[in-house]
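These notes concern the structure reproduced below.
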């Protein structure tokens, strides 16, 4: 950094390329490993996994009880586990309680069930304010929480990751798990949104 | 440790940067940085607490002006230097080569 006054600033893309090419040449990174990892996160992980967990909990009372008691095991039983999902806690929205999740220190998020977090989740405005005034932050998501509903904010850590079990939309009696899963949005599982309404 | 990353409860940080139909990565270098950092974790080069500690030592003013993945670049670079996997000299030399290749 000492010579930064005499040279033009280095574009960040070049810094990344320099690191990646050096690590590959030294054998620290195997050929194709970076592409394989990125592919998993772009194509396999994402909110569609969490939506399956939610839909099963809505249709199977025993699974729901297990999910709320031991989220890690219940989620793993559907095949979703691993990096940044090693210890999962599921919190349930009810007519009396609305839950919302943040990581005030950085960006901890349940990767196996939700994939990578949206940019706003990782930024200072969300992290600083949702613990201070959650109702006004939720209003910026067009989510108005009535005064008689308690709002609980869960601060993630590098060890514990949270998933919100949203309320099942009205008018969905008898729907299949697949039909229900299609109503579950990413934000409804973070707590900054609700599910889509039944068509 | 109390430092700039510990911002829960702070006022005046600005509005939420909400974006419709947001891509997983906004730039190709973000995609590469993500893959490199996770690959290094899988290889056992560092654990999650080490990577966070590396980012939490970014100077406060720089941290505030950096994007999320820029903070990853700073943190991963620090880890690689501290673990003697790369040196600043070889990174700088590689950047010079890449610049020339890019016609800069």
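The values are calculated or read from the model by the stated rules, or taken from the named source; none is laboratory data. Just so it is clear, the model here is predicted, and its values are computed rather than measured. Neighbour counts are summed over all protein chains in view; Cβ atoms, including those assigned to glycine, are modelled from backbone coordinates with ideal geometry.
At a glance:
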{"read-out": "Helices (runs of 4 or more DSSP H) fully within segment A:1-92 counting 2 or more residues that are at pLDDT 90 or above and farther than 26 Å from residue B:34 by Cβ", "value": "A:47-59, A:61-69, A:71-76"}
{"read-out": "The listed residue being under 20 Å from residue B:11 (Cα atoms) and touching a helix residue (DSSP H, G or I) at 6+ places or on another chain (Cβ under 8 Å), out of A:137, A:131", "value": "A:137"}
{"read-out": "Those helices (runs of 4 or more DSSP H) lying entirely in segment A:101-199 with at least 1 residues over 21 Å from residue B:20 (Cα atoms) and under 11 Å from the mean Cα position of the chain (by Cα)", "value": "A:111-114"}
{"read-out": "Contacts under 9 angstrom Cβ, first residue in segment B:7-22 being at positive phi and at the interface with another protein chain (Cβ under 7 Å from one of its Cβ atoms), partner assigned to a loop (DSSP other than H, G, I, E, B) and at pLDDT 90 or above, 6 or more apart", "value": "B:9/A:104; B:9/A:131; B:9/A:132; B:14/A:123"}
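Results for (1) assigned to a loop (DSSP other than H, G, I, E, B); (2) under 25 Å from residue A:33 (Cα atoms), shown as yes or no for each residue.
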position	(1), (2)
B:5	yes, no
B:11	yes, no
B:51	no, yes
B:80	no, yes
B:96	no, no
